[in-house]
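Contents: one structure, followed by commentary.
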Amino acid sequence: MYSFVNDYSETAHPAVLQALVDTNMEQSAGYGADEHCENAKNYIRQKIHCPTADVHFLSGGTQTNILAAAAFLRPVEAIISAETGHIYGHECGSIEESGHKILAEQTPDGKLTVAHLEHARLLNQEEYCPVPKMVYISNSTELGTVYNKAELQELYAYCKAHDMIFFIDGARMGSALACTDLSFEDYPQLCDAFYIGGTKNGAFMGEAMVIVKEELKQDFRRHMKQRGAMLAKGKVLGVQFEALFKENLFMELANHANHCMDILREGIGELGYDFLCESPSNQIFPIFPVEVLERLNQKYAVLDYQDMGDGKRCVRMVTSWATLEEQCHNFVADLKAYSK
Ligand SMILES: Cc1ncc(COP(=O)(O)O)c(C=O)c1O
């Protein structure tokens with residue numbers, strides 16, 4: 001059985017694991033005050049061309065999103081998100097638990113547009129409504145779709161015009177960078193804060209929160225501490241990001257994930273199957289007849305996503321830094337055989 005279920009099935013890229021082994025016996029300062037965290041922060045600041053950015057290492061995506069809500073917003077302020085946004089449907093109400101309402105917008109492809117922001121803003125004008133203060137997007141999105149530079153520019157311009165904070169969930173930022181016109185150095189120009197996902201791109205675990213806007217920086221570490229996110233052994237996060245960013249490993253891994261997905265997407269498409277939406281990143285949502293899926297399921301694990309009617313189901317397939325290219329070719333060959 002080979003799994004295309006997610007991009008966190010394997011533990012860590014060998015270079016990341018080796019870095020953890022190499023630094024294992026070092027006696028370091030606690031709570032992220034060590035030289036590896038410092039080096040990793042500086043590598044990231046160089047990569048994004050933003051020497052003034054604050055960088056904080058956190059252990060997971062949900063934790064990072066909770067902290068963005070808790071640290072950046074006042075109690076009466078709310079977050080606009082796509083209905084498919086990870087914070088809305090997949091984080092167990094953790095944002096709401098932090099006291100902030102999510103104003104969810106329906107989208108065909110998981111992407112917010114200025115029209116969505118305007119809709120949410122106008123709907124929440126009255127005093128009895130929370131203030132729509134933060135816009136949350138993920139890039140790539142939960143549907144594998146991506147925002148390009150012009151789209152982010154439009155959203156950010158709207159946010160600035162309406163005094164809103166623009167926050168980008170980069171759990172799969174590597175994959176988005178590998179298939180759009182965006183580069184690392186664009187991000188500080190296109191939003192107020194974002195995070196770089198390590199967990200899904202070769203790290204054992206960890207995300208790097210990058211805060212660009214000055215007003216959002218204050219007391220972030222205190223917020224981390226209050227939510228149990230300031231790890232005593234914070235060094236292990238710094239070591240991993242050091243390994244990913246000291247050279248180009250982060251993007252090499254993201255390119256590999258996307259390359260593997262290109263093989264699957266093209267192969268599945270050439271056999272005439274449809275997709276839920278067009279997604280150029282490391283996630284696709286192909287639609288298969290149930291009998292074909294049952295045969296595929298004997299050899300490959302995929303995530304059952306949605307019933308499409310007419311005896312068809314949509315599944316989610318994900319590739320990662322660890323995906324074996326050969327298995328992508330095998331999948332396409334098997335699908336071809338089952339499609340006859
Ligand atoms: C876009 C996005 N954000 C956040 C998360 C949450 O990450 P974690 O499971 O590390 O909390 C995920 C996880 O799948 C995700 O896809």
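Structure data summary
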read-out: Full-stretch length increase - Leu17, Ser94 - with 0.36 nm per residue and alpha-carbon distance subtracted; value: 24.7 nm
read-out: Sequence-distant residues sharing a close amide H with Leu103 (under 5 Å, placed H); value: Ile79, Ile80, Ser81
read-out: Fraction of beta bridges assigned by DSSP in the chain that are antiparallel (%, nearest 5); value: 55
read-out: Unit charges on C-beta of K, R, D, E only; dipole of the chain, Debye; value: 540
read-out: Of Lys41/Lys200; Lys133/Lys200; Lys133/Lys235, those spanning more than 24 Å from alpha-carbon to alpha-carbon; value: Lys133/Lys200; Lys133/Lys235
read-out: R0 of 41 Å, Cβ-Cβ distance Glu266-Gln189: FRET efficiency to nearest 0.05; value: 0.80
read-out: In Hz, Karplus ³J(HN,Hα) per residue of segment 136-144 (6.51, -1.76, 1.60; θ = phi - 60°; x = Gly, Pro); value: 10, 10, 10, 9, 5, 7, 5, 9, x
read-out: Rounded FRET efficiency, nearest 0.05, which uses the C-beta distance separating Glu247 from Arg295 and R0 of 45 Å; value: 0.60
read-out: Fluctuation leader among Glu105, Glu118, Glu26 - the chain, Gaussian network, Cα springs under 10 angstrom; value: Glu26
read-out: Listed residues Pro132, Pro289, Pro280, most fluctuating in the chain (Gaussian network, C-alpha, under 10 Å); value: Pro289
read-out: Cα-projected label distance for Ala161 with Met1, points at 7 Å along beta-carbon direction, nm; value: 5.1
read-out: Using a Förster distance of 35 Å, the FRET efficiency for His49-Gln27 (Cβ separation, nearest 0.05); value: 0.55
read-out: Protection proxy ranking, peptides 15-22, 260-267, average beta carbon neighbours within 10 Å, highest first; value: 260-267, 15-22
read-out: Distance from segment 11-83 to segment 101-142 (C-alpha centre basis), Å; value: 26
read-out: For segment 49-194, the spread of Cα positions along each principal axis, largest first, Å; value: 42, 32, 30
read-out: For Ser138, distant residues with modelled amide H under 5 Å away; value: Asp169
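Every read-out reported here was derived from the displayed coordinates using simple, explicitly stated rules and does not represent laboratory data. Worth saying up front: this structure is predicted, and the values here are computed from it rather than measured. Here the Cβ is made from the backbone with ideal geometry for all residues, glycine too, and neighbour counts use every protein chain on show.
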